[in-house]
Amino acid sequence: MRFEIKVLGSSSAMPTKTRNLSAQVLNINEKFFLIDCGEGTQIHLKRFGVKFTRINHIFISHLHGDHFFGLIGLLATLQLLGRQKEMQIFCPDELEPIIRNQLEASNTFISYPLVFIPLEEGVKDLILDKKDLQVYSFPLRHRIPTWGFLFTEKEQKRKLKKDFVARHNIPINQFENIKEGADFTDENGVLYENRIMTKAPPKSRSFAYCSDTKYSPGIIDYFKGVDVLYHEATFAEDKIKEARDKFHSTARQAAEIAKGAEAGKLLIGHFSARYENVSVLLREAQAVFPNTIAVEDGEAYGIE
Ligand SMILES: [Zn+2]
């Protein structure tokens, strides 16, 4: 099963020659979740080969333009493509009237259901509960209300050892109980322990998205033990004061958060446009948290 983050944009505030504005697609088993939607996101989805039609959920972290100016264009294109399926948008509650106004002013009619789900301020909140996945929002610390998102696979049931159950004629009507952990006793009184009939399921995976935020160790508890953390790293350490003043983080601070959270891997992005080469940011982060990657637009980062 695939669990992969594709970065569409990793520049902060304004695009550069090589970096677009914030947007990512999380691909969980070919279901796509769009996180932030900076200007031009629909173009970058196309360029990087992401199928629009597979996106049914969009998550907008906050209402700075570099995180949502691409939304109106994407929604209009989906209409032109004949979309009928509902689109759910998890976002600050002020976004719905903004989008409705843009649609009205431009005479754009959307016929597929567009559902806005406002994010709850100040708490970790379960916002999406699917068969195999849960998504939580949690508060970040930025100049305006801003949310991070945590995607976690649900724990799967134990897997049957197919050969074993076939060989011992374990009845099919017992399979569900056995996957839940039950033992089985046959008509002759022979006990089959669960661990003989089943094996452990694959480990459930998780991804947390933190952009934009100032350095804030208080957020660590929201995603402790996460497999992959994406954390903004707008500035290098020599600009720590600027980072603080603008409610952003340095690369080292992003690494401190990953370390505190005992994350498996750290992805840094949302780089200030001043860094044509982000190696200084990567170096500073890796000094604290070695398993750090500075993301590139169009690249995909998988979780095994
Ligand atoms: Zn931003």
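The values are calculated or read from the model by the stated rules, or taken from the named source; none is laboratory data. Everything numeric here is computed off the predicted structure, so don't read it as measured data. So basically every Cβ, Gly included, is an ideal-geometry build from the backbone, and we count neighbours across all protein chains shown.
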The lone condition residue 206 fails out of (1) small (Gly, Ala, Ser); (2) touching a residue at least 12 places away in the same chain (Cβ under 8 Å); (3) out of contact with any Asp or Glu (no Cβ under 8 Å at 6 or more places or on another chain) is (3)
Of the listed residues (209, 215, 230), the one being modelled with pLDDT of 95 or more, more than 14 Å from the ligand (Cβ to nearest atom) and among the aromatic types (Phe, Trp, Tyr) is 215
For the stretch 25-44, check the following and say yes or no: at least one residue is in contact with an Asp or Glu (Cβ under 7 Å, 6 or more places away or on another chain) and either part of a strand (DSSP E or B) or at pLDDT below 95 (or both). yes
Hits in the stretch 1-30 (condition: within 12 Å of the chain's Cα centre (by Cα), free of Cβ contacts under 8 Å to residues at least 60 places away in the same chain and away from the ligand (no atom under 16 Å from the Cβ)): 25
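Evaluate the stretch 277-298: report whether one residue or more is aromatic (Phe, Trp, Tyr) and within 16 Å of the ligand (Cβ to nearest atom).
Within the stretch 277-298, the first condition is being aromatic (Phe, Trp, Tyr), and the residues that meet it are 289.
Among the residues that remain, those that are also within 16 Å of the ligand (Cβ to nearest atom) are: none.
No - not one qualifying residue is present in the stretch 277-298.
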Has the stretch 156-179 got any residue that is surrounded by fewer than 17 Cβ atoms within 10 Å (Cβ to Cβ), free of Cβ contacts under 8 Å to residues at least 24 places away in the same chain and in a strand (DSSP E or B)? no
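If we keep just the residues of the stretch 56-99 that are within 16 Å of the ligand (Cβ to nearest atom) and farther than 16 Å from residue 22 by Cα, which is nearest to the chain's Cα centre (by Cα)?
92
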For the stretch 3-22, check the following and say yes or no: at least one residue is surrounded by fewer than 15 Cβ atoms within 10 Å (Cβ to Cβ), closer than 27 Å to residue 131 by Cα and not hydrophobic (A, V, I, L, M, F, W, C). no
Unmet requirement for residue 143, which otherwise passes all of (1) in contact with a strand residue (DSSP E or B) (Cβ under 8 Å, 6 or more places away or on another chain); (2) outside any strand (DSSP E or B); (3) within 16 Å of the ligand (Cβ to nearest atom): (1)
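For residues that are under 18 Å from residue 57 (Cβ atoms) and surrounded by 13 or more Cβ atoms within 10 Å (Cβ to Cβ), tally how many sit in the stretch 129-146. Give the derivation first.
Initially, the stretch 129-146 is screened for residues under 18 Å from residue 57 (Cβ atoms), giving 129-138.
From what's left, surrounded by 13 or more Cβ atoms within 10 Å (Cβ to Cβ): 132-138.
The number of residues fulfilling the criteria is 7.
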